[in-house]
Amino acid sequence: MSVEFLGGARTGAGGQPLPFSQAVKAGPFVFVSGQVAMGDNGEIVPGGIEAQTRTTLRNVEKALALAGCTLADVVKATVWLDDARDFWSFNRVYAEFFTTAKPARSTTQAKLMVDAKIEIEVTAFKS
């Protein structure tokens, strides 16, 4: 089985290098590292949970694309919300991105490592 480490040259706030790959392709599986609402400048985008969910899911799409995948290939999503009260607003936006193929999902509340309202990691399957 071949393993590819994809998109490892990203930087975070202040240009600090991020010490992980955006995605890892191992055989038919693609594992996307936790994505947050980070803009191209490495900073968390302003806005509430809806804006941050959209940006986070766009970042998930970009990471999947590195391995030739789309959201339709996602079989499992794990979501961390900074505030459980954001769940229903997050869920509405999430449903906009996963309209037909609905992966298995876990969602929980957690204190995030950066000043973000949400983090999402996914596993995709591409035969």
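The values are calculated or read from the model by the stated rules, or taken from the named source; none is laboratory data. Note that the structure is a prediction, hence the values are computed from the model and not measured. Counting neighbours? That spans all protein chains shown, and the Cβs are built from the backbone with ideal geometry, glycine included. SASA here: full protein model, heavy atoms, side chains in, ligands and nucleic acids out. Shrake-Rupley method; radii C 1.70, N 1.55, O 1.52, S 1.80 Å.
Summary table below
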| item | result |
| --- | --- |
| Residues satisfying the stated conditions in the stretch 75-104, i.e. in contact with a Phe, Trp or Tyr (Cβ under 8 Å, 6 or more places away or on another chain) and either in a loop (DSSP other than H, G, I, E, B) or more than 14 Å from Thr56 (Cα to Cα) (or both) | Val75 |
| Residue match in the stretch 26-34 (condition: among the hydroxyl-bearing types (Ser, Thr, Tyr) and over 18 Å from Val3 (Cβ atoms)) | no |
| Leading residue by the ranking (farthest from Phe98 (Cα to Cα)) among those in the stretch 29-69 that are assigned to a loop (DSSP other than H, G, I, E, B), open to solvent by 30 Å² or more (accessible area, probe 1.4 Å) and small (Gly, Ala, Ser) | Gly47 |
| Enumeration of residues in the stretch 94-115 that are at pLDDT 95 or above and either among the acidic types (Asp, Glu) or buried (at least 18 other Cβ atoms within 10 Å of the Cβ) (or both) | Tyr94, Glu96 |
| Residues that are crowded, with 17+ Cβ neighbours inside 10 Å and among the charged types (D, E, K, R), drawn from the stretch 83-93 | Asp86 |
